[in-house]
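The values are calculated or read from the model by the stated rules, or taken from the named source; none is laboratory data. No experiment lies behind these values; they were computed from the predicted model shown. Ideal geometry is used to build each Cβ from the backbone, glycine not excepted, and the neighbour counts take in all protein chains shown. The protein model used for the area step is the full one, side chains on, heavy atoms only, and it has no ligands, DNA or RNA in it. Shrake-Rupley method; radii C 1.70, N 1.55, O 1.52, S 1.80 Å.
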Amino acid sequence: MDELRDTQDQGELIQYIVIKLGDEQYGIDIKYIDNIVRMQQITRVPQVAHYLKGVINIRGVIVPVMSLRLKMEMDADEITDKSRIIILKAEEDTLIGIIVDQVNQVLTLGSKSIEKVTYSNDKGKKINSFISGVGKYEGGLVSILDLNMVEMEEDKANK
């Protein structure tokens, strides 16, 4: 993986793992990442949400795995040799895996180079989004994933 650094901007420096889903690039704050593993056999679990693919065993810990593509209402996953499972640290030291098409690089951005985004419907009411902001760097733009939304939606699905 290459590491890119945004040196033009000041502010707090934050490192992101840049992943690919379809034709889009997304950044995940590195502080939430426990591990990145190659695709492996996922054991199905009956009667769960359609985006939950099952569970895997990581260092003796059973970790639920979700399809980020299905969660974000994209086309189904196309597993290739570049596909990975990113193990995220959720609250209370629980782990959850997300399937991504590819892990591209580590990107360091200054906090001033990230623009916060909010979405609203036609009535002006704020709607929830998986994107918390857009980071600008020399190579273009990267959408920053709001992992709190992923976890919050996960909690709703389990209730």
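Given 0.36 nm per residue, what is the gain on full extension from VAL106 to ILE79 after removing their alpha carbon distance, in nm? Walk me through the numbers before you get to the answer.
Numbers: separation 27, 0.36 × 27 = 9.72 nm, distance 2.20 nm.
Taking 0.36 nm per residue and subtracting the Cα distance, the gain is 7.5 nm.
Give me a comma-separated list of calculated 3J(HN,Hα) values for region 80-94, in order, Karplus coefficients 6.51, -1.76, 1.60 applied at θ = phi - 60°, integers in Hz, x for any Gly or Pro.
Each residue's phi maps through the Karplus curve to give 10, 5, 8, 5, 9, 10, 9, 8, 9, 8, 8, 4, 6, 6, 7 Hz.
Mind checking the per residue accessible area of region 69-120 for me, 1.4 Å probe, whole number of Å²?
Result: 54 Å² of accessible area for each residue.
Quick one: with all protein chains in place, what share of the accessible area of region 1-112 is carbon or sulfur, to the nearest percent (1.4 Å probe)?
44
With θ set to phi - 60° and the Karplus curve 6.51 cos²θ - 1.76 cosθ + 1.60, what are the ³J(HN,Hα) couplings of region 48-64 in order, to the nearest whole Hz, using x for Gly and Pro?
10, 4, 4, 7, 7, 8, x, 9, 10, 9, 10, 6, x, 10, 7, 10, x
At R0 = 22 Å, how high is the FRET efficiency between GLU92 and LYS116 if r is their beta carbon distance? Nearest 0.05 is fine.
So, using R0 = 22 Å, E works out to roughly 0.25.
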